[in-house]
Amino acid sequence: MHRWNATAAMTLVCLGPALSSGVAAAAGAVPPQPPLGSPLAGLSPEELARFDAGRAWFDHDFTVAEGLGPIFNKARCSACHGAAMGGSDVIAVFLFSGKGDPGAIGGPLFQSMALSEACGELLFKASIVSARETRGAIGAGLIEAIADAAIVSGADPADGDADGISGRVAWVMPLESIAGHRPGRFGWKGRWATVLSATASEAQQNVGISNLFIPFDEAPNGNQSQLAACDDVADPEDVIDRAGLGSIDRTADFLRFLSPPPQTPRSGMTGEAIFQSIGCAQCHQGGWTTSESLALPEAVRGKALRPYSDFLLHDMGLLADGIAEGAASGNEFMTPPLWNLRARSTMLHDGRVVGGSFANRVTLAIEAHGPFGEGASAAEAFAGLSTTSRERLVAFLDSLGRREFDADGDRDVDLVDFASLQACFDSAAVTPDDACAVHDLNQDGSVDLADAEGFVLVAEGLDGDCDGDGTADLIEILQGAADANGDGIPDACLACPADVDGDGDVDSTDLAILLGGWGTPVADVDGDGVTGSVDLAILLGAWGPC
């Protein structure tokens, strides 16, 4: 898979009437959305270098000599957040509370691994134990850049409008600042307001790497003697490099500069209107714009984003886990962003919804918001929807995290998706609810050459131009060039199709391959899918040098 190139993506906008594959630019052409794990568009060379350096630390396995442990959950960030992507995964951790029981020591996070059995933490005498699924970190820099005042303005702790929604701000003090409290926006209960605070805390809690902001390791079950016996690396363990930055700073750079997940279609689906009408959007708000503050990097300044969260705490009724955390009570959770929902194989904070189809998981997750708590009215309204309306709503939720052109939903854009593009090509009156809408890049209602140019730009390894005429092979196929074997290369480029082994000669080696593959596609010279007598005749007729 080639690395996403945000600059190249802008060719759809910048090349004007002469696009890279020879396709005329349509008015209003737009660049494709970057795939998961890509850097934000508009990063400077220095910021892109910081992104790459941070990615390496995000995927770095810490060693005992570097300070790993003595109790921990994983040895690297990406073990829980998706390899070098900053996304979510199916990894769960456990929080526990003794509600004043002096025997329930340690916590609130249970570290499941240790450097040795003698150093391990035991989950004992806990009156409450709650699983917590890994939250995604994609687009974290954009979320961090939302102005505090914008989050505060949406709070209504007294439910002044009597709509049953009384979100309140999770005020927290950033670890790296003494300037005052800020609205928390990361973690299941809004525990952190900044990316660096979250990174420092997660490094110390889950990897066991003490750092500038938390300069000590967690003691197994609070036993300091046990900690002293198990940990011989001096604190803080996060080593500062020549630039004055530690691994937490580098990792924070990577997370801050991660692009948001794609959403396809980008707008206009009937399901989103249903999502709003039944009350889901009262908490899962889609429309935000980041601050225009000049203190922010240009790549995150003044950007529109749709995370589908209000970043406020809400009473979640039966979904409550009973564990107070920071500003949040045991009944509250911060509204989790939904913007990469289709990538989650588990749903809800404890992962209780798992397995089955995406539609089944979404249905169960919505139903779990009732029968009381602030999500109850939306759950009730969902239960009253017609089958068609439910399907429309689920289709919208399935768009959250889907790439353009990814017709089969496997996160790759390849020949399978090109076959879908071919079936949709020249379609008109395409609405955002149609299956072909995944290929309508500019959402102008038709799937045409302007959209196909976007496909060529993002398709993995399919941007060839076999005849060197300046028009991509896939474009030529869409315009009518024959491609009998469906390999994405026009048949006209196969100057010597009988040269099965590609050595420049049609000879006994090619004949042996053909005979050995008889009845299979191995030496299908004529492109009918089967090696047979016609292929043999073509091969014998082409005998000799190509």
Could you tell me how many degrees, from 0 to 90 and to the nearest 10, lie between the Cα long axis of helix 387-398 and the main elongation axis, the longest principal axis, of the Cα atoms of the chain?
-> 90
Principal axis box of the chain, alpha-carbon based, largest edge first, Å | 89, 57, 46
Prolate/oblate/rounded call for segment 51-256, Cα gyration tensor, a/c under 1.5 rounded | oblate
Packing-based ranking, highest mean first, of 484-494, 72-82 given that Cβ atoms within 10 Å are counted = 72-82, 484-494
Shape descriptors of segment 353-427 over alpha-carbon atoms, Rg and Dmax in angstrom, are 16.1, 49
May I ask you to work out the translational diffusion coefficient for segment 270-398 at 10 °C, viscosity 1.306 mPa s, via Stokes-Einstein with Rh from the Kirkwood sum over Cα pairs, reported in whole µm²/s?
-> 101
Quick calc: nm separation of the 7 Å Cα→Cβ label points for SER177 and ALA429 -> 5.3
Just the ratio, please: alpha-carbon radius of gyration of segment 495-545 over 2.2 N^0.38 Å, N its number of residues.
-> 0.95
Give me the number: length gained by fully extending ALA162 to GLN276, i.e. 0.36 nm times residue separation minus the C-alpha to C-alpha distance, one decimal in nm.
-> 39.3 nm
Using only Cα atoms, find the angle between the long axis of helix 358-367 and the longest principal axis of the chain, and express it within 0 to 90 degrees, rounded to the nearest 10.
-> 30
Calculated SAXS-style log₁₀ I(q)/I(0) at q = 0.15, 0.21 Å⁻¹ - segment 328-460, Debye, Cα scatterers = -0.81, -1.20
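Taking all pairs of different Cα atoms in segment 330-377, averaging 1/r and flipping that mean, what Kirkwood radius in angstroms comes out?
One decimal place: 11.6 Å for the Kirkwood radius.
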Any chance you could get the radius of gyration and Dmax over the Cα atoms of segment 302-347, in Å?
-> 12.8, 38
Take the Cβ-Cβ distance between ALA65 and LEU540 as r, set R0 to 51 Å, and report the resulting FRET efficiency rounded to the nearest 0.05.
-> 0.15
Segment 416-495: GluC sites (Glu not before Pro) in DSSP coil with no more than 15 other Cβ atoms inside 10 Å = GLU460
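No lab work stands behind these numbers, since they all come straight from the coordinates. In this text, all values refer to a predicted model and were calculated from it rather than measured experimentally. Positions of Cβ are backbone-derived with ideal geometry, glycine not excepted, and every protein chain shown enters the neighbour counts.
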